[in-house]
Amino acid sequence: MDKSFAEAFAIEWIADWNKHDVEAVLARFSDQVVFTSPHAAQLAPGSDGVVRGKDELRRYWQAGLRAVPDLQMELLAVYVGVDSIVINYRNQRSSLANEVLLFDGEVVREGHGTYVEAADYHTPPPASSPDSPAP
């Protein structure tokens with residue numbers, strides 16, 4: 001994997017997500033892509049966290065954007081492997097995450113969403129009450 005390709009890919013990937021342009025993100029993925037994420041288990045019923053094919057991935061990501069309409073990502077780092085990259089980012093709730101993407105040439109064949117926090121970020125954080133201690 002070429003470092004300059006990986007960095008350009010990650011910058012474009014983040015920009016497309018920040019525009020909520022699912023089709024632009026999907027354009028980089030194989031029609032037979034396999035994608036795993038603990039959030040897919042919540043947003044794609046029956047998937048057990050594994051999404052297969054570009055059409056299912058589109059439905060999953062569209063559901064994710066409906067659940068998180070303020071989604072924004074800040075690129076922190078890009079890690080390069082032999083046929084893989086890891087995109088390390090911070091989301092709109094300041095949670096850390098990584099996308100682990102495996103490639104065939106310049107097309108993603110497999111992806112894995114991984115998260116520091118196991119908390120469900122698809123639901124709003126609990127409102128603090130006046131009696132709650134400050135974080």
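So the values come out like this:
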{"quantity": "Meets criteria (surrounded by fewer than 14 Cβ atoms within 10 Å (Cβ to Cβ) and out of contact with any Pro (no Cβ under 7 Å at 6 or more places or on another chain)) for Asp16", "calculated": "no"}
{"quantity": "Considering residues of segment 26-46 that are hydrophobic (A, V, I, L, M, F, W, C) and at pLDDT below 95 only, the residue surrounded by the fewest Cβ atoms within 10 Å (Cβ to Cβ)", "calculated": "Ala41"}
{"quantity": "Residue under evaluation Val51, criteria (1) touching a residue at least 24 places away in the same chain (Cβ under 8 Å); (2) surrounded by 13 or more Cβ atoms within 10 Å (Cβ to Cβ); (3) more than 16 Å from Asn18 (Cα to Cα), criterion not met", "calculated": "(1)"}
{"quantity": "Residue list for segment 26-70, filter: more than 22 Å from Ser84 (Cβ to Cβ) and among the charged types (D, E, K, R)", "calculated": "Asp48, Asp55, Arg58, Arg59, Arg66, Asp70"}
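The values are calculated or read from the model by the stated rules, or taken from the named source; none is laboratory data. Everything numeric here is computed off the predicted structure, so don't read it as measured data. For neighbour counting, all protein chains shown are included, and Cβ atoms are generated from backbone atoms with ideal geometry for every residue, glycine included.
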